[in-house]
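Asker: Starting off with a structure, shown below.
No value in this document is a laboratory result; all are computed from the given coordinates. Given the structure is predicted, the values throughout are model-derived calculations rather than measurements. Every residue, glycine as well, gets a Cβ built from its backbone with ideal geometry; the counts of neighbours run over all protein chains shown.
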Amino acid sequence: MRLILFGPPGVGKGTQAKLLAQEFGIPHISTGDMLRQAVAEGTDLGRKAKAIMDAGQLVPDDIMIGIVRDVLTSPRVKDGFILDGFPRTLQQASALSNLFQELDITDYKVVNFNADDAEIIRRLGSRLMCVNDGKIYSTITDGVTLNDPCPACGGRLIQRDDDTEETVRKRLAVYHSTTKPVLDFYRARGVVVEVNGMATVDEVNQMIKKALCT
Ligand code: AMP
């Protein structure tokens, strides 16, 4: 199974990717998680990416394409993968297409998560992340607060630096202007399946599996 999860920030791609990765035993490749790890480790990439991410902008294509190339040419993805957060520009989509050709990958699907901006702003404003295991919680639906420990591992819960309302609005603007057009690239190839990103976690999970079987 090779999946590309596509949609606006905060629509639940990461949550669904983690579930599907567990269910199908294939790696979850999140470019956002990789960048956050680089920031936490203070690498060159992390230092470069931090200011861009905090401003709600996109890290340059050549860097992102290089990172994804390294992962997709490694043996860990031999049984499949779930790409989350890539591609985000037409140039990334085109580079991924070339990479798939090079690796003889013809069978893949793009899952498009639909949600309106108001719901995204509401969700991201209430999103907390565990610094230890990366699990995502909502102050609204999970009833946790910044002062609580992670319900799963006891780690510290934080709000991501780019989840402030001002940055979320910028990320949404970048999504609409730069990322959304990538959908037409995949629609033209007939590989897109649609899901309603506003449904519950369990409902979206079922929708994805059903859509992939039809
Ligand atoms: P995410 O966790 O997917 O929302 O990504 C967090 C941030 O990392 C984004 O707002 C971008 O600044 C950066 N980022 C992640 N993936 C990409 C990508 N494919 N291209 C450019 N920037 C990215």
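Asker: When the helix-only estimate is applied to the chain (DSSP H runs of n ≥ 4, each -39,500 (n - 2.57), divided by the residue count), what is the mean residue ellipticity at 222 nm, nearest 500 deg cm²/dmol?
Answerer: That calculation yields -13500 deg cm²/dmol at 222 nm.
Asker: Can you work out ³J(HN,Hα) from phi for every residue in the range 38-47, in order, using Karplus 6.51 cos²θ - 1.76 cosθ + 1.60 and θ = phi - 60°, giving whole Hz and x for Gly and Pro?
Answerer: 5, 5, 4, 7, x, 6, 4, 4, x, 5
Asker: Hey, another quick one. Obtain the radius of gyration and the Kirkwood radius of the range 17-86 from its C-alpha atoms and give Rg over Rh.
Answerer: 1.00
Asker: Let me check the size of the range 149-201 from its C-alpha atoms; what are the radius of gyration and Dmax in Å?
Answerer: Just the Cα atoms of the range 149-201 yield Rg and Dmax of 16.5, 46 Å.
Asker: Additional query: Evaluate the relative contact order of the range 1-112 (contact order divided by residue number), counting alpha-carbon pairs under 8 angstrom at least 6 apart; express in whole percent.
Answerer: Relative contact order of the range 1-112: 47 percent.
Asker: For the chain, what is the convex hull volume of the alpha-carbon atoms per residue, in Å³?
Answerer: For the chain, the hull spanned by Cα atoms encloses 123 Å³ per residue.
Asker: Right, here's the next one. Jot down the per residue volume, in cubic angstrom and as a whole number, of the convex hull over the alpha-carbon atoms of the range 44-149.
Answerer: 167 Å³
Asker: Now, a different point. With +1 on each Lys and Arg Cβ and -1 on each Asp and Glu Cβ, how big is the dipole of the range 22-89 about its Cα centre, in debye rounded to the nearest 20?
Answerer: Roughly 100 debye for the range 22-89.
Asker: Let's see if you can work this out: charge +1 on each Lys and Arg Cβ, -1 on each Asp and Glu Cβ, no other charges. What is the dipole magnitude of the chain about its Cα centre, in debye to the nearest 20?
Answerer: Computed about the Cα centre, the dipole is about 120 debye.
Asker: Under 28 Å between alpha carbons, and skipping anything fewer than 8 positions from residue 210 in its own chain: which lysines qualify?
Answerer: Straight-line reach from residue 210, under 28 Å: 13, 18, 78, 109, 135, 180.
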